Amino acid sequence: MPNAKLPCFDVMTRTGVLTAIVAGSLAGAAACTGYARSTTSRGDISLAREADTIAAVVPQAATFQTLLMRNSIDVATATAIVDAVKGVFNPRLLRADQPYQLTRTLDGLFREFRYEIDASKFLRVVRRASSGDAEAQFAVDVVTYPREVNVVAASAEITKAHNSLSAAFDAAGENLELALTLSDIFGGEVDFNSELQPGDRFEVLYERVTRDGQFVGYGDVSGAILHHGGREITAIRAQGPDGRFAWYDDKGRSLKREILKSPLGFNPRITSGFSMNRKHPIYGFSRAHLGVDYAAPMGAKVIAVSAGTVVSNGWAGDGGNQVVLHHSTGYDTFYLHLSSFAAGLRPGQHVEQGEVIGYVGMTGAATGPHLDYRVRRNGVFINPVSARQRMPPGEPIPASMLANFQISRTRVLAELSRRLSANLTRSAEH
């Protein structure tokens, strides 16, 4: 995703308006310099520099206070700014590599600070007129960038050259984020690691968000269709009986499964599948591998695939650091080779679906960082991938809400068809 620019800003002074001008991208360090207008005896306009603005990105391991002090803001002022910021933004959420701008007068007096929180908003801190209260010296607010949201449609096809969901959408000019969303939507119906085949096709109606003409992300997906192995699987985003939005097929049946597709926050690649006779990469002899290994970077978050209770978290021999959860559906899930556990995790604790329980590592008998994920039911380990697809779906749209759902479904599918047809017409014209 392209880096979005933080605009420089106008600053009022006794001599007029100072305009800070950033040269270059915020992806690297740059400097804005403010100038005040003055008129010479000959009537020409000259510009006298009165302020400096530094534009850069947050360095690794920086805190809000150290970032300010690194830019020559004194300790007392930096402390007062951090205290003022706490009212609208948690300073601990400062992230490395995010763009920021800081403006000082030439004598080093703090004037303004801007930090890009995400693609949609930024934090702004401005020095006020003199005040007896240290925190009241600063006006702090979170400002939303002006954005454009357009409803568009896209399609992507699995081919020999683009044989994965992400590759197919990349070839169609779309971001990985959209592929991951579709993976979540249809993950209960199809195993994207093994079942996709050439000719499978995805069609999706979604919101595309831009800022200053540049793509910054996706909004809501309204509907999607997966053509797979002669099947047509429809997904419609609709409000369910619990008031939450979820995914339903064209008949109003839930596409949700009791267990998440994976215990990682992305669509992971399986490096070793479930097997009763696998040659062990360390010991060299064959034995059962009662789970699936997911490729994942060291330290990646591992989440609970379903709400449950912590049975244990500790050392498990060859399994290294391991978490075991018990779920009300009768399933137990196992997460092996972790580098560490989530802070405060303990036996007997309840965890929600999607809650972080640990971090990827390579403890125990492991040749590299990965996650070994296992599922057990009634004392017997089962294949996590096929077991999830056999699980019953969630609660369907109730009869009392079905008529409204059908209206919404018809509207979404008609809009998807219309926009895809328009895409084809434009392609033919070019």
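The values are calculated or read from the model by the stated rules, or taken from the named source; none is laboratory data. Keep in mind the model is a prediction, meaning the values are calculated, not measured. Because the Cβ atoms are built from the backbone with ideal geometry, glycine has one as well, and the counts that use them run over all protein chains shown.
Screening G199 against (1) surrounded by 19 or more Cβ atoms within 10 Å (Cβ to Cβ); (2) part of a loop (DSSP other than H, G, I, E, B) leaves a single unmet condition, (1). Evaluation of A167 against the conditions (1) aliphatic (A, V, I, L, M); (2) surrounded by fewer than 18 Cβ atoms within 10 Å (Cβ to Cβ); (3) assigned to a loop (DSSP other than H, G, I, E, B) shows that the sole unmet condition is (3).
A residue that is over 30 Å from the mean Cα position of the chain (by Cα), farther than 25 Å from F215 by Cα and hydrophobic (A, V, I, L, M, F, W, C) cannot be found anywhere in the range 156-165.
Among the conditions (1) in a loop (DSSP other than H, G, I, E, B); (2) surrounded by fewer than 17 Cβ atoms within 10 Å (Cβ to Cβ), the only one that A139 does not satisfy is (1).
If you filter the range 286-311 down to residues that are more than 29 Å from the chain's Cα centre (by Cα) and surrounded by fewer than 19 Cβ atoms within 10 Å (Cβ to Cβ), you find that the one that is modelled with the highest pLDDT is V311. Scanning the range 333-344 for residues that are closer than 26 Å to V380 by Cβ and either surrounded by fewer than 19 Cβ atoms within 10 Å (Cβ to Cβ) or touching a Pro at 6+ places or on another chain (Cβ under 7 Å) (or both) returns a single hit, Y335. Would you call D220 assigned to a loop (DSSP other than H, G, I, E, B), farther than 30 Å from T271 by Cβ and of a type in the set (D, E, K, R)? When the stated conditions are applied, D220 does not pass them. Residues of the range 113-122 include at least one that is without any contact (Cβ under 8 Å) to a residue 24 or more places away in the chain and in a strand (DSSP E or B). Could you tell me which residue of the range 393-430 is farthest from L226 (Cα to Cα), considering only residues that are touching a Ser or Thr at 6+ places or on another chain (Cβ under 9 Å) and at pLDDT below 90? Within the range 393-430, the match that is farthest from L226 (Cα to Cα) is E395.
Within the range 387-412, which residues are in contact (Cβ under 8 Å) with a residue 40 or more places away in the chain and of a type outside the set (A, V, I, L, M)? Hits for the range 387-412 are R388, Q389, P392, P393, G394, E395, P396, P398, F405, Q406, S408, R409.
Restricting attention to the range 247-266, which residues are at pLDDT 90 or above and surrounded by fewer than 20 Cβ atoms within 10 Å (Cβ to Cβ)? Within the range 247-266, D249, D250, K251, G252, R253, S254 meet the criteria. Contact map, the range 191-215: residues that are farther than 14 Å from E174 by Cβ paired with residues that are of a type in the set (A, V, I, L, M) and not in a loop (DSSP other than H, G, I, E, B), Cβ distance under 6 Å, separation 6+ or inter-chain. Pairs shown: D191/V385; F192/L165; N193/I270. Do you know which of the residues in the range 63-109 that are hydroxyl-bearing (S, T, Y) and either touching a residue at least 60 places away in the same chain (Cβ under 8 Å) or not assigned by TED's automatic domain parsing to the domain that holds A139 (or both) is surrounded by the fewest Cβ atoms within 10 Å (Cβ to Cβ)? Only one residue fits best here, namely Y100. The selection criterion, being in the same structural domain as A224 (by TED's automatic domain parsing) and of a type outside the set (A, V, I, L, M), does not hold for N383. Among residues of the range 202-241 being charged (D, E, K, R) and under 24 Å from the mean Cα position of the chain (by Cα), the one that is surrounded by the most Cβ atoms within 10 Å (Cβ to Cβ) is E203.
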